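Colleague: Supplied in structure tokens, the structure appears directly below.
Bear in mind these aren't lab numbers, they're just calculated from the coordinates by the rules spelled out. What you see is a predicted model, and the numbers here were worked out from it, not measured in a lab. Using ideal geometry, Cβ is built from the backbone for each residue, glycine included, and neighbour counts are taken over all protein chains shown.
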Amino acid sequence: MTTLAAIPDSNLLPYIPGYAIVEQIYAGSQTIVYRAVQELSQRPVVIKLLRQDYPTFSELLQFRNQYTITKNLNIPGIIHPLSLEAYGNRYTLVMEDFGGISLRDYTQNYSLSLREILEIARQIADILHDVCQHRVIHKDIKPANILIHPESHQVKLIDFSIASLLPRENQEIQNPNVLEGTLAYLSPEQTGRMNRGIDYRSDFYALGVTLYELLTGQLPFESHDPMELVHCHLAKLPLAPHSINPEIPAIASEIVLKLMAKNAEDRYQSALGLKHDLERCFNQWKATGRIETFVLGERDVCDRFIIPEKLYGRETEVATLLKAFERVANSNSEMMLVAGFSGIGKTAVINEVHKPIVRQRGYFIKGKYDQFGRNIPFSAFMQAFRDLMGQLLSESNVQLATWKAKILAAVGENGQVIVDVIPELERIIGQQLPVPELSGNAVQNRFNLLFQKFIQVFTTPEHPLVIFLDDLQWADSASLNLLQLLMSEASSGYLLILGAYRDNEVFPTHPLMLTLEQIQQAQATVNTITLEPLLEITVNQLVGRVDGSYYAPHLSVRSGRVTFVTSGSRYS
């Protein structure tokens, strides 16, 4: 294994045994890319190298992920890897060199005509079709990851470092600074705040942003504030490309906006359907210099069974939750409970509150009680606030210093009491002095008082706080006492506690119900939503969306038996 010295300047060409480095072609925050020649075969190659001498495990994993996925993708539209080689404490990824440059760099030196953009888009649609057939989600489509040959205009896709082999995955809420992908091109579901999973249609959204940029010369959403960009992807509609550049045909503009639909169900459902519409535009423009309007998606047929993630029959309940958050954002504190039996959709309804939280720059944290962990005090609260510490630790040093000052001002010399239950807090406020030992109820009272002050640090007009506690029917007595204290003393506002519980597992003398009764007697605001089973007409709407308009499905419920009827066929 080669021993390396640090490379303080990315412009210095490294020595990599077996390769003659020709030039540096890219330098990012984590990687550097060189054009080189393999000495033994004299074959031109591209070498991607991790920038740090001692990369993190995550960086090493991404490198191996890129190599593993691409070596098994036998398709023409990607850059294929040749080898993954050890290089000191890091890896070098050796890839074929087909003479291309990134579309980002190409457009800085050359202007693309509409015909060229349509041809590029058509090629990318072809590549995405092949990638989708292998059940791969790229998750980082952007001009910097699309190579174009300057002479032939052949296009290839690169950088599968965060790609996924799963047909679908879920993104947890993270600080926007550490989200996978590039924030300006990120689909709403990739932000983790959409209550939707990530699948191949996330790449269609990023392609839409890329085409928007190629057509207009600007991004659909531009901001230096990461949270503002997240909110734009979630809730704001971009200006139509043809309103920015009148030379863009309206139908081309509509294709881009369809790709950028907020809900994946409203985007193209297949790359072949997209390719058909692009070819129709290309052929019309080539023949007549204009593109007539036509119905989009006529050949857009999904090749897999996908259950839509839209909530059906819960519009009233979601609206009630959103109104509760609006009241909290206006200086109130409130508890909103969602009751119903297991599997009825309590968590799905609560997760719909993400969008307004992003708009108000609030924090959403969650914890879940466990049936077999009732002897662990504050377990859900601890999960929630450990999650919050993770979000804070991904912020800038300046922001962390501000949080440190606020937290220390709140907890004083007793910070170790909170650190004992939230170890991640120590990375923000530093090592704390030991606290005096107490006995009996004094220990609990001190913790409750400190934790109340600690929570108030995060309940401000600039950052309302939403705490979601799931499965409250299994909450321990210490958590219920803390919950009662927080609501009875929640005079500072900007706190929304969301609780979900199984109403069929509680009774009037259950500890949870007694606690809620005491909270209400203290004049705190407590509201409850009880979820009922979906109506037959609502399930029909769901089935209709799954099955599509091609089969006119119908649901029949008789004597507890559910029957789906599609095109004269019955499935029970």
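Colleague: Using unit Cβ charges (K, R positive; D, E negative) and no other charged atoms, how large, in debye to the nearest 20, is the dipole of the stretch 248-353 about its Cα centre? Display every interim value, and only then the final one.
Modeller: On the way: 14 positive and 15 negative charges, 37 e Å.
With Lys and Arg at +1 and Asp and Glu at -1, about 180 debye.
Colleague: Using the Cα atoms as the points, what is the convex hull volume per residue of the stretch 428-488 in Å³?
Modeller: Residue-normalised Cα hull volume stands at 128 Å³.
Colleague: Distance check, please: which entries in Lys48/Lys262; Lys323/Lys366; Lys71/Lys142; Lys346/Lys406; Lys139/Lys368; Lys48/Lys71 exceed 23 angstrom between their Cα atoms?
Modeller: Lys48/Lys262; Lys346/Lys406; Lys139/Lys368
Colleague: Over the stretch 101-288, what number does the Rg to Rh ratio reach, with both radii from the alpha-carbon atoms and Rh per Kirkwood?
Modeller: 0.94
Colleague: Which whole-Hz couplings ³J(HN,Hα) result when phi for each residue of the stretch 28-43 is put into the Karplus expression 6.51 cos²θ - 1.76 cosθ + 1.60, θ = phi - 60°, listed in order with x for Gly and Pro?
Modeller: Per residue, the Karplus-derived 3J(HN,Hα) values read x, 6, 10, 10, 10, 10, 10, 8, 8, 10, 6, 4, 5, 9, 6, 8 Hz.
Colleague: If you wrap the stretch 19-96's Cα atoms in a convex hull and average its projection over all directions, what's the area in nm²?
Modeller: Averaging across all directions leaves 5.4 nm² for the Cα convex hull.
Colleague: Of (1) 27.0; (2) 32.4; (3) 25.8, which is the value of Kirkwood radius over Cα pairs in Å derived from the coordinates here?
Modeller: Recomputing Kirkwood radius over Cα pairs in Å here picks out (1).
Colleague: Loop only by DSSP, 15 or fewer other Cβ within 10 Å of the Cβ. Give me the GluC sites (Glu not before Pro) in the stretch 96-151 that pass, ordered by residue number.
Modeller: Of the GluC sites (Glu not before Pro), the ones in loops of the stretch 96-151 whose Cβ has at most 15 other Cβ atoms within 10 Å are Glu151.
Colleague: I would also like to ask the following. So for the pair Val22, Tyr54, with labels modelled 7 Å out along Cα→Cβ, what separation do we get in nm?
Modeller: 3.6
Colleague: Assign unit charges at the C-beta atoms only (+1 for Lys and Arg, -1 for Asp and Glu), then state the dipole size of the chain relative to its Cα centre in Debye, rounded to the nearest 20.
Modeller: Charge dipole of the chain: 600 debye, to the nearest 20.
Colleague: Over the stretch 227-296, with a single point scatterer placed on each C-alpha, what log10 of the ratio I(q)/I(0) does the Debye formula yield at q = 0.18, 0.27 1/Å?
Modeller: -0.76, -1.24
Colleague: Which FRET efficiency value, to the nearest 0.05, is calculated for Glu228 and Asn263 with the Förster distance at 25 angstrom and r the Cβ-Cβ distance?
Modeller: 0.75
Colleague: Mind checking the angle between helix 201-216 and the chain's longest principal axis? C-alpha axes, 0 to 90 degrees, to the nearest 10.
Modeller: 60
Colleague: Share of antiparallel DSSP beta bridges in the chain, in percent to the nearest 5?
Modeller: The answer is about 65 percent antiparallel.
Colleague: Between Arg35 and Ala86, what FRET efficiency follows from the Cβ-Cβ distance if R0 is 30 Å, with the result rounded to 0.05? All intermediate terms of the calculation are to be shown ahead of the outcome.
Modeller: On the way: r = 21 Å, r/R0 = 0.71.
Efficiency at R0 = 30 Å is approximately 0.90.
Colleague: Something else: Calculate I(q)/I(0) for the stretch 315-530 by the Debye formula, one identical point scatterer on each C-alpha and no solvent, and give its log10 at q = 0.10, 0.12, 0.14 Å⁻¹ to two decimals.
Modeller: -0.43, -0.62, -0.86
Colleague: Once you keep just the Cα pairs under 8 angstrom separated by 6 or more residues, what percentage relative contact order results for the stretch 19-96?
Modeller: Answer for the stretch 19-96 is 26 percent.
Colleague: Let me ask something else. Once the Cβ-Cβ distance between Lys236 and Glu116 is put in as r, and R0 is 25 Å, what FRET efficiency do you end up with, to the nearest 0.05?
Modeller: Computed FRET efficiency for Lys236 and Glu116 comes out at 0.30.
Colleague: Dipole size in debye (nearest 20) for the stretch 19-96 around its Cα centre, Lys and Arg Cβ +1, Asp and Glu Cβ -1? Walk me through the intermediate numbers first.
Modeller: On the way: 7 positive and 6 negative charges, 27 e Å.
With only Lys, Arg, Asp and Glu charged at Cβ, the dipole is about 120 debye.
Colleague: A further question follows. From the phi angles alone, apply the Karplus equation (6.51, -1.76, 1.60; θ = phi - 60°) to the stretch 122-138 and give each ³J(HN,Hα) in whole Hz, x where the residue is Gly or Pro.
Modeller: Each residue of the stretch 122-138 in turn: 5, 5, 5, 4, 4, 5, 5, 4, 4, 5, 4, 5, 9, 6, 10, 10, 6 Hz.
Colleague: What does the charge count around Glu426 come to, taking other residues whose C-beta lies under 14 Å from its C-beta (Lys +1, Arg +1, Asp -1, Glu -1)?
Modeller: Neighbourhood net charge equals +1.
Colleague: While we're here: What list of ³J(HN,Hα) couplings, whole Hz, do you get for the stretch 229-235 from phi and the Karplus terms 6.51, -1.76, 1.60, once you set θ to phi - 60° and write x for glycine and proline?
Modeller: 3J(HN,Hα) across the stretch 229-235, in whole Hz: 5, 4, 4, 4, 4, 7, 10.
Colleague: Which order do the peptides 23-29, 76-82 take when ranked by the mean count of other beta-carbon atoms within 10 Å per residue, highest first?
Modeller: In descending order of packing, they fall as 76-82, 23-29.
Colleague: Additional query: What does the charge count near Ala163 come to, summing +1 for each Lys or Arg and -1 for each Asp or Glu among other residues with Cβ under 9 Å from its Cβ?
Modeller: -1
Colleague: Right, another one. Rounded to the nearest Å, what's the spacing between the alpha carbon centres of the stretch 94-169 and the stretch 203-223? Just the number, please.
Modeller: Each part's Cα centre sits 14 Å from the other's.
Colleague: Hey, rough spin-label estimate for Gln108 and Glu315, points 7 angstrom out along Cα→Cβ, what's it come to in nanometres?
Modeller: 4.9
Colleague: Quickly work out the Arg304-to-Leu61 label distance, labels modelled 7 Å from Cα along the C-beta direction, and quote it in nm with one decimal.
Modeller: 2.2
Colleague: What residues have an amide H closer than 5 Å to that of Ile78, excluding those fewer than 5 places away on the same chain, when H is modeled at 1.01 Å from N in the peptide plane?
Modeller: Leu157
Colleague: Still on this structure, please answer the following. Over what distance in Å are the Cα centres of the stretch 492-546 and the stretch 406-453 separated?
Modeller: A separation of 32 Å, based on Cα centres.
Colleague: In addition: Which Cα, out of Ala206, Pro17, Leu60, lies furthest along the positive dipole direction of the chain (beta carbon charges, K/R +1, D/E -1)?
Modeller: Checked the options; the winner is Ala206.
Colleague: While we're on this one: Over the chain, what is the mean sequence separation of C-alpha contacts under 8 Å (at least six apart), divided by residue count, expressed as relative contact order in percent?
Modeller: 10
Colleague: Hey, got a sec? Which GluC sites (Glu not before Pro) in the stretch 415-511 land in a DSSP loop and have at most 10 other Cβ atoms within 10 Å?
Modeller: Hits after loop and neighbour filter: Glu437, Glu462.
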